[in-house]
Amino acid sequence: MTTEEKAGQVLLPSFKGKEVEAHAAAIERLHLAGSIIMGDNVPLDPQGRLDVSGMAAVNQRLAQAAAAGGRPWPGIIAVDQEGGQVARLGAPLTEWPTPMSYGAAGSVPLAKEAGQGLAAELVPLGFNVDFAPDTDVTVGPKDPTIGARSMSSDPGAAASLGVAFSQGMLAAGVLPAVKHFPGHGSVAVDSHVSLPVQPAAVADLGGRDWKPFGAAIAAGSPMVMTGHIAVPALQPGVPASLSGPTYAALRGLGFNGVAVTDALNMGAVAKQYPGGTAAVMALAAGADLLLMPADVGQAHAAIVQAVASGALPPERLDEAARRVATMMAWHGRTAAANGAPAGSGGALSARVSASAVTVLSGPCSGPLVPGAVRVAGGGPGDRARFEAAAARAGLSVGSGPLVSLIGYGGRGADGDIAVALDAPWPLQDSPAPVKIALYGRTDGAFDALAAVLAGKAPAPGKLPAAVGSFPAGTGCP
């Protein structure tokens, strides 16, 4: 491959809106690895739902562009689809609860089944990479960014559940990427906005944040995403995604796969390293795949120029391009086409929520409400979903105890029963006598909640992280 082709092979850009043809032309011209699909790229039908055939056509066009130069391996067609808050593709695809549900359910087989179920619906749309699962270990309310995207505050649980979810994705034919090394669940700043600093010593990181990554690597995970987090113990002031000592630490865990950066257009990087600087720095530091540079043309030119000037050793570009090509060649040769139709995971998603629902305080058996409830709070559509689920469970709505729904980023609510629909932290500030963590706002999650309220089902979940005075592991016996 020429230097220009190799420079393209390590770049995975996004694009604006519905400019598919212009983006396909850029993929061909710059020999790019492929593309990531973001929310504004998703075609919608007249009802505002995902246009399944339209999405498949977009991805087919981009895959065609990636193959135009005669490469024998498939281009990368990627998406961020974790479940919960991070889901670029909506209905009619299955809606999944937050990943913290797997920690609350505490079942490795269920996490694997869910990973396969989620990924299987991406295959018919033409996706072959999903930047999931998030294997960050959360530290609880002081973690403003990851929250319920984390499966657990327990490193061992985050490790085993993350591996299982990844193996499920691979079984469906989608490449997973565990994220965000060296650990985003224990910093108090959002890297989308500015640069978080991780003050922990390397020994402490190894015993907590790095455990899930070590487990993923031991299980053969093909990709690890590095986060925009500065770790003074490794390299002060430099985001991990651009830091040589960080990639050395990752390789020191035995990783031989593709190290991919988090999006290079995020505030933590873009503010400090404009133009093509970040791309060259990340590559020189040890990254293999550069995700979403702010300007892919600039990034490509900067890499080519850096090789020409000797600022970037050609062997480093060779190594990165070879790793990406090897991964995609392996995927093209081994991936079974285990696709599933849109929406086919609904029953499984509901089972995850039914296994996860957690009662922090209040009765563990019998009806929690006397056949009728009132409802308040939540985000758009939450109350309507709750009311529909209540009706299915035989509960009437309009009188009786008040159920207060707490949505993403919400605060502690009063009422008789407080229900957290995302991370459970707001329950620590709630005076409600009954506190329930639901970890999701899907129809299946609301069905699980209504069944517990009506006394028709137990709440088997256990808190995967401490919430105020409620320790991790709190739940009904």
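The values are calculated or read from the model by the stated rules, or taken from the named source; none is laboratory data. From a predicted model like this one, the values you see are computed outputs, not experimental measurements. Glycine also receives a Cβ, built like all others from the backbone with ideal geometry; neighbour counts cover every protein chain displayed.
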Checklist entry - In segment 436-450, is there at least one residue being assigned to a loop (DSSP other than H, G, I, E, B) and farther than 18 Å from Arg149 by Cα? => result no
Next on the checklist: Six or more apart or on different chains, Cβ atoms under 7 Å: show the pairs whose first residue is in segment 354-371 and modelled with pLDDT under 95 and whose second is surrounded by fewer than 17 Cβ atoms within 10 Å (Cβ to Cβ) and assigned to a loop (DSSP other than H, G, I, E, B).
Outcome noted: none
Item to check | Looking only at segment 69-97, and only at residues there that are of a type in the set (A, V, I, L, M, F, W, C) and closer than 16 Å to Pro13 by Cβ, the one that is surrounded by the fewest Cβ atoms within 10 Å (Cβ to Cβ) | outcome: Ile77
Next on the checklist: If I filter segment 98-118 down to residues being in a loop (DSSP other than H, G, I, E, B) and out of contact with any Phe, Trp or Tyr (no Cβ under 6 Å at 6 or more places or on another chain), which single residue comes out as surrounded by the most Cβ atoms within 10 Å (Cβ to Cβ)?
Outcome noted: Pro99
Checklist entry - Has segment 189-211 got any residue that is buried (at least 24 other Cβ atoms within 10 Å of the Cβ) and over 17 Å from Ser160 (Cβ atoms)? => result yes
Next on the checklist: For the structure I just gave you, tell me whether Ala340 is closer than 21 Å to Pro97 by Cα, exposed (fewer than 13 other Cβ atoms within 10 Å of the Cβ) and at pLDDT 95 or above.
Outcome noted: no
Checklist entry - Within segment 78-97, is there a residue that is β-branched (Val, Ile, Thr) and either part of a helix (DSSP H, G or I) or under 28 Å from Leu283 (Cα atoms) (or both)? => result yes
Next on the checklist: Just to be sure before I move on: is Gly461 touching a residue at least 40 places away in the same chain (Cβ under 8 Å), surrounded by 23 or more Cβ atoms within 10 Å (Cβ to Cβ) and touching a Cys at 6+ places or on another chain (Cβ under 9 Å) in the structure I sent?
Outcome noted: yes
Checklist entry - For Ser152, are the conditions met, namely being surrounded by 21 or more Cβ atoms within 10 Å (Cβ to Cβ), modelled with pLDDT of 95 or more, closer than 19 Å to Gly440 by Cα and over 13 Å from the mean Cα position of the chain (by Cα)? => result yes
Next on the checklist: For segment 119-162, which positions are part of a helix (DSSP H, G or I) and either of a type in the set (D, E, K, R) or out of contact with any helix residue (DSSP H, G or I) (no Cβ under 8 Å at 6 or more places or on another chain) (or both)?
Outcome noted: Arg149
Checklist entry - Inside segment 398-435, can you point out the residues that are among the aliphatic types (A, V, I, L, M) and not in a loop (DSSP other than H, G, I, E, B)? => result Leu402, Val403, Leu405, Ile406, Ile417, Ala418, Val419, Ala420, Leu427, Val434
Checklist entry - Taking interchain pairs and intrachain pairs at least six residues apart, which have beta carbon atoms under 8 angstrom, with the first residue in segment 293-311 and outside any helix (DSSP H, G or I) and the second surrounded by 21 or more Cβ atoms within 10 Å (Cβ to Cβ) and modelled with pLDDT under 95? => result Pro293/Gly276; Asp295/Gly276
